[in-house]
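S.K.: Structure incoming, see below.
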Amino acid sequence: MKQAIEVAGAPKAIGPYSPAVRAGQWLFLSGQVPFDPATGQLVDGDIAAQTRRVLQNIGTLLAAAGLSHDAVVRTTVFLADMGDFAAMNAAYAEFFTEPYPARSTVQAARLPRDARVEIDVIATFD
């Protein structure tokens, strides 16, 4: 059985998908881009600011499911420019502790609304 997780403090989906879905002991979060949940607009700032906003939005969805960043076991980071890797990585490290989630980082030709970063996660209820 699957259950959609949505919360008022997180950005709304911009298409026919759920921001998060619980399936058994797993929580799957759709890719999040740096939308300000209050305005629905991309946040201003560099890659570090955009990464922080994405991970704050992820934290809001995790909290709605009763979890925190500590429950995340896997992430995928999509960057518009791999030249942003070091700055993204530094901001990303502010949200996770050891043991860190497994992660892939790839450069994408274009992200939704021309964001510079998008991150999806898988978390566990264990």
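S.K.: In the Gaussian network model of the chain, springs joining C-alpha atoms below 10 Å, which of Gly66, Gly24, Gly15 carries the largest mean-square fluctuation?
M.R.: Among Gly66, Gly24, Gly15, the largest GNM mean-square fluctuation belongs to Gly15.
S.K.: Relative to the Cα centre, what is the charge dipole magnitude of the chain, using +1 at the beta carbon of each Lys and Arg, -1 at the beta carbon of each Asp and Glu, and rounding to the nearest 20 debye? Before the final figure, lay out the partial values.
M.R.: Details: 10 positive and 13 negative charges, 73 e Å.
Around 360 debye, computed over the chain.
S.K.: From the helices alone, meaning DSSP H stretches of at least four residues, give me the mean residue ellipticity at 222 nm for the chain, per-run term -39500 (n - 2.57), in deg cm²/dmol to the nearest 500.
M.R.: -7000 deg cm²/dmol
S.K.: Calculate the length of the line joining the C-alpha centroid of region 112-126 to that of region 1-37, in whole Å.
M.R.: Measuring centre to centre over Cα atoms gives 10 Å.
S.K.: Residue farthest toward the positive end of the dipole of region 67-126, with Cβ of Lys/Arg at +1 and Asp/Glu at -1: which of Leu67, Thr124, Val77?
M.R.: My answer, from the dipole projection, is Val77.
S.K.: Please report Rg (one decimal) and Dmax (integer) in Å for the Cα set of the chain.
M.R.: When restricted to Cα atoms, the chain yields Rg and Dmax of 13.6, 41 Å.
Values quoted throughout were computed directly from the atomic coordinates according to the rules given, and no laboratory measurement underlies them. Keep in mind that this is a model prediction, so the values were computed, not measured. Glycine gets a Cβ as well: all are built from the backbone with ideal geometry, and neighbour counts include every protein chain shown.
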